[in-house]
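Working notes for the structure below.
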Amino acid sequence: MKKLNVAVVGLGRIGRVHAEILFTRVDEARLVAVSDIIEDLARGVGEKYGVKWYTDYDKLLEDSSVDAVFITTPTFLHKDMIIKALEAGKHVFTEKPMTVTSSEAREVLNAAKKAGRSLMVGYMRRFDAAYRRAKSEIESGKIGDPLVYITIARDPGAPPGWAADPKKSGGIFLDMLSHDFDMARFLMGAEVSKVYVEGGAKLYDEIREKGDLDVVTINFTFSSGAFGMIHGSRKSVFGYDLRTEVMGTDGTVYVGSQRDPNFALGVKEGLLYGGVKWFWGRFYDAYVEEDREFVKSVLEDREPPITGVDGLKVVEIAEACWRSWREKRPVTL
């Protein structure tokens, strides 16, 4: 079997997940190297999988055995790292969001076009079985014409470290809700054409002090004439909470619940569900499929399922949301 030699760059929590998946779950991939600026971390992961490890990203890019890199570093580092990899002739998978700003995203798209290499952005919900079934049912016409998209997205707590700084992460709209913007485009089969945001920093002092928001509601219009609403919060006391529905002229599809689909306890007080503490438990299999699809698209010389243009569209929506909130008015994209 033909294999793609891959390296994972940035070995925080999501980078280590990708390394594990590529080493153990994707037959078409061969993990050959890992990299992180923290030497002990790079060495530890490299030795765990018996692969080369680097602390110098430029040195990794000089490694001719590496065909593709998975960039899982903080968002504010993405643009330069993606462009460097493309210029070095590597195919690139980058974790979401692609960049902090739309101008950076366009630089990345130009570099990918010039290099003639694949670029995929990691919006893993597209590979989740429930969301894929929802997409299939919508496309088959089961619910008629899609009219309304609704999502509730609540994280268990405030983002850590650099992600708490909107200048580095893009804030709640890009760091957290970009998944939901991508899923809105994916399920509705249309572009977001107008947004109107209300929200504030009601939960965490650090978020308020750094200029981010922690509770928001976004109303929007699609190019198809359909409508949408996303409610996002950085706090959910019982755990990760994600629910989506699409209402059509002839029916509605529902994805997700605050209940745990894998286990319930029936007692005299009622039927009790454990919930999902964080998104690993909900979307691990989607990460596996995401990585597999990127590797296969490169090996088969076809466009990846989530392109740089998809990444750009999400950044543009997030920027429009910030503008709507600051100017307290609807913003047309």
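The values are calculated or read from the model by the stated rules, or taken from the named source; none is laboratory data. In this text the structure is predicted, and so the values were computed from the model without any measurement. Quick reminder, even Gly has a Cβ in these numbers, built from the backbone with ideal geometry, and neighbours come from all protein chains shown.
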> With (1) at pLDDT below 95; (2) farther than 18 Å from ASP310 by Cβ as the list, and GLY171 as the residue in question, which single condition is left unmet?
Replying inline: (1)
> Looking at PHE173, is it touching a Cys at 6+ places or on another chain (Cβ under 7 Å) and in contact (Cβ under 8 Å) with a residue 24 or more places away in the chain?
Replying inline: yes
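For (1) free of Cβ contacts under 8 Å to residues at least 40 places away in the same chain; (2) in contact with a strand residue (DSSP E or B) (Cβ under 9 Å, 6 or more places away or on another chain), each residue gets a yes or a no:
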{"position": "LYS2", "(1), (2)": "no, no"}
{"position": "GLY12", "(1), (2)": "no, no"}
{"position": "HIS18", "(1), (2)": "no, yes"}
{"position": "ARG25", "(1), (2)": "no, no"}
{"position": "GLU28", "(1), (2)": "no, yes"}
{"position": "VAL34", "(1), (2)": "yes, yes"}
{"position": "GLU39", "(1), (2)": "yes, yes"}
{"position": "VAL45", "(1), (2)": "yes, yes"}
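For (1) more than 14 Å from LYS313 (Cβ to Cβ); (2) aromatic (Phe, Trp, Tyr); (3) modelled with pLDDT under 95; (4) under 17 Å from the mean Cα position of the chain (by Cα), each residue gets a yes or a no:
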{"site": "GLY122", "(1), (2), (3), (4)": "yes, no, no, yes"}
{"site": "ARG133", "(1), (2), (3), (4)": "yes, no, yes, no"}
{"site": "VAL148", "(1), (2), (3), (4)": "yes, no, no, no"}
{"site": "PHE186", "(1), (2), (3), (4)": "no, yes, no, yes"}
{"site": "GLY189", "(1), (2), (3), (4)": "no, no, no, no"}
>> Can you confirm whether LEU333 is modelled with pLDDT under 90 and farther than 30 Å from PHE23 by Cβ?
In response: no
> Looking at region 298-327, which of its residues are farther than 27 Å from PHE220 by Cα and surrounded by 20 or more Cβ atoms within 10 Å (Cβ to Cβ)?
Replying inline: VAL298, PRO304
>> Kindly evaluate ASP155 against the criterion of being acidic (Asp, Glu), modelled with pLDDT of 95 or more and either farther than 14 Å from TRP322 by Cβ or not assigned by TED's automatic domain parsing to the domain that holds VAL253 (or both).
In response: no
> Quick one: which strands (runs of 3 or more DSSP E) sit completely within region 1-70 and have at least 1 residues that are surrounded by fewer than 20 Cβ atoms within 10 Å (Cβ to Cβ), more than 25 Å from the chain's Cα centre (by Cα) and in the same structural domain as PHE294 (by TED's automatic domain parsing)?
Replying inline: 52-54
> Looking at region 251-261, is at least one residue among the aromatic types (Phe, Trp, Tyr), out of contact with any Leu (no Cβ under 8 Å at 6 or more places or on another chain) and at pLDDT 95 or above?
Replying inline: no
> Looking at VAL246, is it surrounded by 18 or more Cβ atoms within 10 Å (Cβ to Cβ) and either closer than 27 Å to GLU137 by Cβ or not assigned by TED's automatic domain parsing to the domain that holds LEU77 (or both)?
Replying inline: yes
> Mind checking which pairs have a first residue in region 300-327 that is modelled with pLDDT of 95 or more and aromatic (Phe, Trp, Tyr) and a second that is crowded, with 17+ Cβ neighbours inside 10 Å and in a helix (DSSP H, G or I), Cβ under 9 Å, 6 or more apart or different chains?
Replying inline: TRP322/PRO166; TRP322/GLY171; TRP322/PHE173; TRP322/LEU174; TRP325/PHE173
